[in-house]
Amino acid sequence: MPTQTTASKRNKTPKSKGIFITFEGGEGVGKSSLIQEVAKRLTQEKIAHIATGEPGGTPRGQELRRWLQASKWPSVAEFLLYSADRSLHVEEVIRPALAQGKWVLCDRFVDSSRVYQGQAGGLNRLFIEIVSTQCTGGIEPDLTFLLDCDLDVSMGRLVGREVLSHYDQAKRAFHEKVRSGFLALAALNSDRIVVLDSTAPIAELVTQVWDTIKERVNGK
Ligand code: TMP
């Protein structure tokens, strides 16, 4: 069973002023393009923000990202590398930005570990939750956008990328598990996770993101 992260469990740490928004999904679903467009919208609205992502949101995290991509790791070691990256990212980038009142747009966060390492990779879920809580200090996204599309579309987008991670090269069955894992997580956390059809035109996706933010976050 995927893990539910209820609103009551979230953000138990002192309330930050900024808003934390994450973007999740399988490979090739177009997260980075959407984040760029949403960031442009925030600039137009004169909202202070940063766009960041995992793995590799800090200089040392970039090193970890290179390690992760260089070879196949045993699942526990791999998860702990993602977690080390996340811990640095929270302490050095995310928490300070939120404390300054900035909005944080983040490409992947704990949900990626829940799905890639947990749902698809078979790692113990309680272990993932305990380690992740330590790494994030309890910070959880206010809102998460899950970009979803048929695997033929997302895997087609991967063709032409210069560096394919070992996940890009993994079997289709793994990507199917990733997709269904994300959708199951979204169904259990519908108060936080909004599913978007990533095949929609980018302008339409930005409008959907913006409308959701106005509806769900502005009143917090
Ligand atoms: P991306 O930068 O293209 O999104 O790829 C990052 C890869 O890292 C992608 O295959 C998903 C994987 N990943 C995990 O398996 N667990 C995690 O916790 C994170 C953040 C990423």
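If the condition is being of a type outside the set (A, V, I, L, M) and assigned to a loop (DSSP other than H, G, I, E, B), then the stretch 127-153 contributes Gly137, Gly138, Glu140, Pro141, Asp142, Cys149, Asp150.
Among the conditions (1) surrounded by 20 or more Cβ atoms within 10 Å (Cβ to Cβ); (2) within 15 Å of the ligand (Cβ to nearest atom); (3) not polar (S, T, N, Q), Arg125 misses just one, which is (1).
Among the residues of the stretch 206-219, is any at pLDDT below 90, within 26 Å of Glu92 (Cβ to Cβ), hydrophobic (A, V, I, L, M, F, W, C) and assigned to a helix (DSSP H, G or I)? Checked against the condition, which is being at pLDDT below 90, within 26 Å of Glu92 (Cβ to Cβ), hydrophobic (A, V, I, L, M, F, W, C) and assigned to a helix (DSSP H, G or I), the stretch 206-219 yields at least one hit.
Sort out which residues of the stretch 1-10 are surrounded by fewer than 17 Cβ atoms within 10 Å (Cβ to Cβ), in a loop (DSSP other than H, G, I, E, B) and modelled with pLDDT under 55, and write them in order of number. Once the filter is applied, which keeps residues that are surrounded by fewer than 17 Cβ atoms within 10 Å (Cβ to Cβ), in a loop (DSSP other than H, G, I, E, B) and modelled with pLDDT under 55, the stretch 1-10 yields Met1, Thr6. All told, Gln69 meets the bar of being surrounded by fewer than 16 Cβ atoms within 10 Å (Cβ to Cβ) and within 9 Å of the ligand (Cβ to nearest atom).
Per this entry, Ser75 is not counted among residues that are surrounded by fewer than 21 Cβ atoms within 10 Å (Cβ to Cβ), within 14 Å of Phe145 (Cα to Cα) and within 11 Å of the ligand (Cβ to nearest atom).
Given the criteria assigned to a helix (DSSP H, G or I) and modelled with pLDDT under 95, does Ala173 qualify? It is true that Ala173 is assigned to a helix (DSSP H, G or I) and modelled with pLDDT under 95. Are any of the residues in the stretch 90-107 without any contact (Cβ under 8 Å) to a residue 40 or more places away in the chain and within 14 Å of the ligand (Cβ to nearest atom)? Within the stretch 90-107, not a single residue is without any contact (Cβ under 8 Å) to a residue 40 or more places away in the chain and within 14 Å of the ligand (Cβ to nearest atom).
The values are calculated or read from the model by the stated rules, or taken from the named source; none is laboratory data. No experiment lies behind these values; they were computed from the predicted model shown. Neighbour counts are summed over all protein chains in view; Cβ atoms, including those assigned to glycine, are modelled from backbone coordinates with ideal geometry.
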